[in-house]
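Working notes for the structure below.
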Amino acid sequence: MTIRSPWHVGVMDPGAVDAVTVTDGETIKHIRVGDNGSFEIVATAFKRSDLDVSVQGPSKRPVAYRLLDEGSGLYRVEFTTTEVGNYFVDLAVGGAKVPGSPFISKAYDADLIRVTDVPNGVVGQACQFKVDASHAGEGQLEISICDGEVPNQVQVLGGGRCLVSFTPERAMKHTIDIKFNGDTVRGCPFVCNVTDTSRVSVNLRQLELIAVDKPASFLIQVDGSTSAELAVSVREFVD
């Protein structure tokens, strides 16, 4: 058996891999579903063929990506998000894993947020409604009532759900705007019509003593400045 020499073995400076940098700004951390996730790789000591990239989606399946050579050792990786969740981007250069890999991108969908139980309100009484962001992904929820003029409190219920409360001080239409990572939630603005019950007075003097099987009546006086719908219910009281 004949063994021929010399053998050629490629040797890589480990410091060269440490010098590879990946941008990690806010745009990569939170991506709207359907948009492209992208980040830049600065690897001046390497060629495009030295870069090994893989992207895994929330369902643990490989995600197609594009590796673009921008020149001067600058490369760009792009991929399209199709579902809510975390995308893991593994990067190796020359067979060595880049420090910090895998990089994580978080995809969200503001259209999956549900707002329920938005009531009509009464001046001076707390109003509450629920926001369910459990299927929308990770992100920042912003709630504004009447363009921020009316303060609100948020109680975290867990599992991506919260209870929002506010106390109106004026009889007027209150608009509720909600954003998720800067995106307006579907259905906004929600409307809470607020009335002032102090503008309604009831005169029950005619009901102090009434005859059986005879029509009974009483007076309700409503301030003309309010446009609220008036609802009356009468129930029988059995002692």
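Annotations
- Cross-link partners for Lys130 among the lysines, with Cα-Cα distance under 27 Å and sequence neighbours closer than 8 places in the same chain left out: Lys29, Lys106, Lys173, Lys179.
- Note on Lys97: lysines with a C-alpha under 19 Å away, same-chain residues under 8 apart excluded, are Lys47.
- Taking the DSSP beta bridges with both ends in segment 110-197, the antiparallel portion is around 95 percent.
- Segment 14-108 - share of DSSP beta bridges that are antiparallel (%, nearest 5): 90 percent
- Dimensions in Å of segment 14-108 - Rg and Dmax from alpha carbons: 12.8, 37
- Each peptide in 191-197, 149-155 receives the mean, over its residues, of other Cβ atoms within 10 Å, and ordering these scores from highest gives 191-197, 149-155.
- Once Rg and the Kirkwood radius are both taken over the C-alpha atoms of segment 110-197, their ratio Rg/Rh works out to 0.96.
Just so you know, all these numbers are worked out from the coordinates, no wet-lab data involved. Note that the structure is predicted; figures quoted are calculated from it, not measured. Cβ sites come from the backbone with ideal geometry, for glycine too, and all protein chains shown count toward neighbours.
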